[in-house]
Amino acid sequence: GIKVIELGQIAAGPFCGMLLADLGADVVKVERPDGGDGMRSWPPLLTNDEGEKYSGNFASLNRNKRSITIDLKDKEQVEILKKLCGKADVFIENYRPGVLRKFGLDYKSLREVNPKLVYCSISGYGQTGPYSQKGAFDVTVQAISGLMSVTGEE
């Protein structure tokens, strides 16, 4: 009976949403109307029985979810998303810190719509601090932390 709205891209946000979906939550993935999550085009590209190509990576992290598109630059569509958040239990996002504030989709704004909403922000370097505005992927975090120095050859 848990309802989740996920504004997740590439891996971290979608992985979190996938875990909740695998456990039975109703997860609605919100994607851009101009092609959706960037991982949709990542290899390996596979072909289904109808001859349609899809990303195996995307499918693995977005199973058990429903997807919708919302143009965050369209105020009417953002209002629709806010109404969905009003009925949700959990909101997951992995945009850079501060991005969703521009659209009124930050914690403070959505708390006014739904005070019981659990708001999960995922970022590579935290919500504040000198690196908070930098994008992050697994290998960049490994490199900056020094972990990469012990995982193999130079």
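The values are calculated or read from the model by the stated rules, or taken from the named source; none is laboratory data. The structure displayed is predicted, hence computed values, not measured ones. Here the Cβ positions follow ideal geometry from the backbone for every residue, glycine too, while neighbour counts run over all protein chains shown. The accessibility values were calculated without ligands, DNA or RNA, using every heavy atom of the protein model including side chains. Shrake-Rupley method; radii C 1.70, N 1.55, O 1.52, S 1.80 Å.
Observations on the structure shown:
- Proximal charge balance of Ala12 [Cβ under 13 Å; K/R count +1, D/E count -1]: -3
- Take every Cα pair under 8 Å whose residues are at least 6 apart in sequence, average their separation, divide by the length of the stretch 43-154, and the relative contact order is 17 percent.
- Hz values of 3J(HN,Hα) by residue in the stretch 78-95 - Karplus curve (6.51, -1.76, 1.60), Gly and Pro given as x: 5, 5, 4, 4, 4, 5, 5, 5, x, 9, 8, 9, 9, 10, 10, 9, 9, 7
- The chain, dipole about Cα centre (Lys/Arg Cβ +1, Asp/Glu Cβ -1), debye to the nearest 20: 680 debye
- A 1.4 Å probe, protein heavy atoms only, puts the accessible area of Arg32 near 100 Å².
- Computed from phi, the 3J(HN,Hα) profile of the stretch 50-55 under the Karplus parametrisation 6.51, -1.76, 1.60 (θ = phi - 60°) reads 8, x, 7, 8, 8, 7 Hz, with x in place of Gly and Pro.
- Of all DSSP beta bridges confined to the stretch 3-122, the antiparallel ones make up roughly 15%.
- A Förster distance of 41 Å, applied to the separation of the beta-carbon atoms of Glu76 and Thr151, puts the FRET efficiency at 0.30.
- 15 Å beta-carbon shell around Gln127, net charge (K/R +1, D/E -1): +2
- Taking 0.36 nm per residue of sequence separation and removing the Cα-Cα distance, the Thr69/Thr47 pair yields an extension gain of 5.6 nm.
- Amide H contacts under 5 Å for Gln9, placed H, 5+ residues apart: Asn94
- What the phi angles of the stretch 120-134 give under the Karplus curve with 6.51, -1.76 and 1.60, with θ = phi - 60°, is a coupling list of 10, 9, 10, 9, x, 10, x, 8, 9, x, x, 9, 4, 8, 7 Hz, glycine and proline written as x.
- For Lys75, a cut-off of 30 angstrom between C-alpha atoms picks up these lysines, skipping any fewer than 8 places away in its own chain: Lys3, Lys29, Lys65, Lys83, Lys87, Lys102, Lys108, Lys116, Lys134.
- Comparing mean-square fluctuations of Val139, Val118, Val30 from a GNM of the chain with C-alpha springs under 10 Å, the top value falls on Val139.
- For the chain, the equivalent ellipsoid derived from the Cα gyration tensor has semi-axes of 26, 23, 15 Å, listed largest first.
- Summing Lys and Arg as +1 and Asp and Glu as -1 over all other residues whose Cβ lies under 14 Å from the Cβ of Leu110 gives a net charge of +3.
- Based on alpha-carbon atoms, the Kirkwood radius and the radius of gyration of the stretch 41-128 give Rg/Rh equal to 1.05.
- Projecting the Cα atoms of Gly17, Gly129, Gly56 onto the charge dipole of the chain (Cβ charges, centred on the Cα centre) puts Gly129 farthest toward the positive pole.
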